[in-house]
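Scroll down for the structure; my scribbles are underneath it.
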Amino acid sequence: MSSASLTAAAAANASRRGNVLGRRVLIGLAWLAFALFLLLPLYVVLSEALKLGLGTFFEAIIEPDALAALKLTLIAVAISVPLNVVFGVAAAWCVTKFEFRGKSVLVTLIDLPFSVSPVIAGLIYVLMFGAQGWFGPWLSDHDIQIVFAVPGIVLATLFVTFPFVARELIPLMQEQGTQEEEAARLLGANGWQMFWHVTLPNIKWGLIYGVVLCTARAMGEFGAVSVVSGHIRGVTNTLPLHVEILYNEYNHVAAFSVASLLLLLALIILLLKQWSEARLSRLKSNADEE
């Protein structure tokens, strides 16, 4: 073998070793960042929650104000997520299946909550439905309370979460096209039949993924809900707001105990997210193979 060939082989081996070393360094840095920014905070939350034992931990969770906060959080999720599903599916259907004037405006409005601060969104509801707001006198005359009550919390949660389902479905439905719906139409199917038997089976895993993201965002919302809730303990406090109140009262063990409950709900949502994401990726890979 010539010296030139030996030199080229040595250079290739050195380059290969350098690539392996660089890859290991990057992987190590990724794991370090994961440990510092994710695992360490989780450890701190759990260790602080259990610092005084399991008895104190469970007392903080089953305390009436904590249960009321959990109930209100679940109510907000139970109302906002189905409404977001209806809106997201309808918006994605309109954007991907039809051409109409104002389509770009609709897509822009869907993304609006991503660019508007949740605090500003809550303030808008206060200015509209508060006692001194645009509709405040009329609501007061009819004994209807929105701000500092459950309806305001639901509205704030709706605002910050409504893009998630639509934004997950729009690219998926654009990729799938309209051929199957057109074939179903030629076979005599009406609009509802096309949706239930053609469109919905094709988007179900993307829809589940969007619902999971929407649920996670609804449970953890703080800014907009904080503005419209009034922080009425046991009445308008969600779990994140209850954690803030406990921490501000220097009741750190109870605060971290309730935070660990939020953490448990988040882990369940994360598992559902990973499962739906895996099914969605498998569906896309099968579609690419076909």
| Roughly how much of THR108 is accessible, in Å² to the nearest 10, using a 1.4 Å probe? | 90
| The list (1) 185; (2) 158; (3) 229 gives values of volume of the Cα convex hull per residue in Å³, and only one came from this structure; which label was calculated from it? | (3)
| said: Taking 26 Å as the cut-off for C-alpha to C-alpha distance, list the pairs among LYS97/LYS204; LYS71/LYS204; LYS103/LYS204 that go past it. | reply: LYS71/LYS204
| Given a 1.4 Å probe and every protein chain left where it sits, what share in percent of the accessible area of the chain is carbon and sulfur? | 68
| task | With a 1.4 Å probe and all protein chains in place, put LEU172, LEU46 in order of accessible area, largest first. | result | LEU46, LEU172
| Surface accessible to a 1.4 Å probe, TRP275 within the full protein complex, Å² | 120
| said: Let's see if you can work this out: charge +1 on each Lys and Arg Cβ, -1 on each Asp and Glu Cβ, no other charges. What is the dipole magnitude of the chain about its Cα centre, in debye to the nearest 20? | reply: 940
| Net length gained if the chain between ALA266 and VAL107 were fully extended (0.36 nm per residue, minus Cα distance) | 54.4 nm
| note | Taking Cα pairs closer than 8 Å and at least 6 residues apart, the relative contact order of the chain in percent is 29
| Top of ALA68, ALA259, ALA30 by mean-square fluctuation, Gaussian network on the chain, Cα under 10 Å | ALA30
| request: Just add up the charged neighbours of GLY88: K/R +1, D/E -1, any other residue whose Cβ is under 15 Å from the Cβ of GLY88. | output: +2
| remark: Placing +1 on each Lys and Arg Cβ and -1 on each Asp and Glu Cβ in segment 102-238, then taking the dipole about the Cα centre, the residue among LEU169, LEU106, VAL154 whose Cα reaches farthest towards the positive end is VAL154
| task | Would you look at the GNM of the chain, springs on alpha carbons closer than 10 Å, and say which of ALA49, ALA35, ALA60 moves the most? | result | ALA35
| For ALA224, what is the net charge nearby, where nearby means another residue's Cβ is under 15 Å from its Cβ and Lys, Arg count +1, Asp, Glu -1? | -1
| Positive-end residue of ALA60, LEU272, ALA78, charge dipole of the chain with Cβ unit charges | LEU272
| query | ARG23 to THR178: FRET efficiency via 1/(1 + (r/R0)^6), r the Cβ-Cβ distance, R0 41 Å, to the nearest 0.05? | reply | 0.45
| request: Of the options ALA184, VAL225, VAL212, report the single residue whose Cα projects farthest towards the positive end of the charge dipole of segment 163-290 (beta-carbon charges: Lys, Arg +1; Asp, Glu -1). | output: VAL225
| request: Counting only heavy atoms of the protein chains, get the accessible area per residue of the chain (1.4 Å probe) and round it to a whole Å² value. | output: 59
| task | Rank these residues by their accessible area, most exposed first, probe 1.4 Å: HIS142, HIS197, HIS231, HIS242. | result | HIS197, HIS142, HIS231, HIS242
| note | Cross-link reach from LYS273 to aspartates and glutamates, straight Cα distance under 17 Å and at least 8 residues apart if same chain, gives GLU168
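The values are calculated or read from the model by the stated rules, or taken from the named source; none is laboratory data. Here the structure is a predicted model, which means the values were calculated and not measured. Using ideal geometry, Cβ is built from the backbone for each residue, glycine included, and neighbour counts are taken over all protein chains shown. Side chains are part of the model used for accessible areas, which takes the heavy atoms of the whole protein and leaves out ligands, DNA and RNA. Shrake-Rupley method; radii C 1.70, N 1.55, O 1.52, S 1.80 Å.
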